Amino acid sequence: MEASYDTATEDDLLGKSEDNEQIPLYQMPSRTCPESLQYRARAKIRADEDLKEDLLDKTLPSPSPTNTNKQLEQKFQIRKFRFSSTLRFWPPEGRTTTIVARKILLRIPISPMKLSTDEVFERIGSFGRYQIVLNIFVNIAYALWWAFPVMAMVFIASDPGWKCKNNSTCPFTGTISLGDDRYKHRCDIPRKDWDFADEFTSVVTEFDLYCERGALGFVSTSVIFAGFLAGCIVVSPISDKFGRKLPTFVCGFFCAVFNFVSAFAPAFWVFALFRGIVGFMIGAYSIPIFVLTSEFSGVRRRGTAGSVVWVGYELFVMVLALIAYGIRDWRQLVIVTGVPGIVFAAGYFFIPESVRWLLKKGRYTEARKTLSKVALLNGKEMPDEPIYLPKEERLGDIRDLFSSPKMAHKTLGCWFMWFAVSFITWGISFSAPFVGGNIYSNVAISAAASLPAYPFCALLTVWFGRRKSLFISFLVASAGAIGALLMTDKAEYDTGYLAGKIFMSMVVAKLASVVAFTLVYIYAAELFPTTLRNVAMGTSTSWARVSGFASAYAPLLLEIHRFLPFGIMAGLALASALICLTLPETLDQPMMEDLSRDSNDQDHKQDENFNANGVSPEENTLL
């Protein structure tokens, strides 16, 4: 006889237990009958001279030179297994036919297997030509919509120092800068007897910000980070509902517009208001665009994608230092650096929406179309399998960050690390005019030193994982800050110590802090599920903006004690190094799609050993 299998019910296939009792095969021990027999296949018996095996269902295409058995098995997830038993088939006509066979090989075709988005990217390219082009775009976006507006404040909001006028009662010679013991003496000297140094103009010189109004120069920088904070809180949760693309370009465009119009501010408060709006827009778009990059990369190359997005930022900071060196007027500098960002907003028509977000919203056709473009540009074949969709779950809010002790631990740990690394990185950047030496060379050196951080970070995450890499970078940042602190006293009189102070702060501490900053972005994005990722990243970066706000005033700490700025940085770095060791490793782990993986961690540990029907992985694998 020949048995052909089209469709079957679990009651149609019977086996024989150890005590000779006939029972359905799906109830037999899993080593004898894997769970795949639960898939429906009605048995039909046809008389024939010999017992033969019909191995392929009619719905399965026949093998061909371009459709081999191996490809078919991968495509349709065919399970095969061997067992020795007596089979009894119950045909539709009601007649009973018993077939006795020894070690019959059955191959049960089931529905085509579904692929997760991570598995799809593994097939069409984790970081191919498409991701490289997308990454270049994000590099330029960070440069024009972040590096130029924020780092320009180092030049346009700095106090160039002051000097006594000739033939005045002022008793000092030379330019006196912040950190000099004589800096505050101008408050006791008539305004007509001294003037700002003429190395460059800034809002400080434009609006006469000194003595009791001197802190306003730092306020114009700190309001950017206040805007950052508001933007992260307001827009990041919205992007989980409206996508990554729309918030990125709308906010990026208005960031460039308000950056440009701030050059025409008639009064200081107008300038500060415009810079606050610029900060709001940066905070609003920065997380969605980073998440977009992350969600277009495969598991193995996500660290690389997250690391190199900042290369353009540092390159453009070096370009900014060169432009500022040539343009010493602050209004002209803002205009020149603001126009390109407005033009760049046209990229909206060329950048795709996040595939993960599209799938979450049920826009399957659009998601598959986008993935097909990725596969085409990467020179890969788009899989025919359906894309795996996790069960629908509500989008998370801030309460879900504390839904379990484990999630709360992740949340608080990320918040502190973001706070620390932001204060260190921005504090070093804003200290460039006051650390000694030339402001333009200090900014350029700091940016150049940061460039190796990104490829180095990509390698470090592969070699040591996220957690250990963070620990090392925070530890080195602490060492750099301590080194700069120890050289502070003698740097005022010894050029060798001055060079050492600049090296330890602008190179060692800055390089390590940039590595840590990059890793925190990657690490935080991987720690939280898709439904909660933007909220988690938004709140985490909110703490970074709080510390960024505080870091703008770091140079003012020099008036209290010259050891304070770098002392605080060293302490924060050491504390963060210890905290990151308490968090889990995420290297080569698929991104969580919803909260169930974290909140039901114990259940999933059991699922690793047994499936829902009590079948262990060893008993339920393809032979």
Tabulate in residue order the Karplus-calculated ³J(HN,Hα) for region 138-144, using 6.51 cos²θ - 1.76 cosθ + 1.60 with θ = phi - 60°, rounded to whole Hz; enter x for Gly and Pro. 5, 4, 5, 4, 4, 5, 7
Counting other beta carbons within 10 Å of each Cβ, put H561, H409 in order, fewest first. H561, H409
Per-pair calculated FRET efficiency, R0 = 35 Å: R300 and F402 via Cβ, rounded to 0.05: 0.65
Give me the extension gain from E492 to K361: residue separation times 0.36 nm, minus the current Cα-Cα distance, reported in nm with one decimal. 41.1 nm
Could you line up L322, L527 from fewest to most neighbouring Cβ atoms inside 10 Å? L322, L527
Counted neighbours (other Cβ, 10 Å), sorted fewest up, put Y285, Y364, Y440 in the order Y364, Y440, Y285
For the Q332, F242 Cβ pair and Förster radius 35 Å, calculated FRET efficiency rounded to 0.05 is 0.40
What length, rounded to one decimal in nm, is gained on full extension from L475 through to K373, with 0.36 nm per residue of separation minus their alpha-carbon distance? 32.5 nm
Label-point separation in nm, I136 to H185, each point 7 Å along Cα→Cβ: 5.6
Where labels lie 7 Å past Cα in the beta-carbon direction, separation of K114 and L564 in nm: 5.8
How about region 338-391: which GluC sites (Glu not before Pro) there are in a DSSP loop, with at most 13 other Cβ atoms within 10 Å of their Cβ? E381
Take the Cβ-Cβ distance between L322 and F350 as r, set R0 to 30 Å, and report the resulting FRET efficiency rounded to the nearest 0.05. 0.55
Enter the Cα centre distance for the pair region 308-328 and region 533-561, rounded to the nearest angstrom. 22
Kirkwood-based Rg/Rh on the Cα set of region 301-429 evaluates to 1.07
Region 367-503 - Rg (one decimal) and Dmax (whole number), Cα, Å: 22.7, 71
Could you tally up the Lys pairs in region 395-589 with alpha carbons closer than 25 Å? Skip any pair fewer than 8 positions apart unless they're on separate chains. 6
Starting from 0.36 nm per residue, how many nanometres of slack lie between K380 and L578 once their C-alpha separation is accounted for? 67.0 nm
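Bear in mind these aren't lab numbers, they're just calculated from the coordinates by the rules spelled out. None of these values were measured; they are calculated from a predicted model. Reconstructed Cβ throughout: ideal geometry from the backbone, glycine too, with neighbour counts over all protein chains shown.
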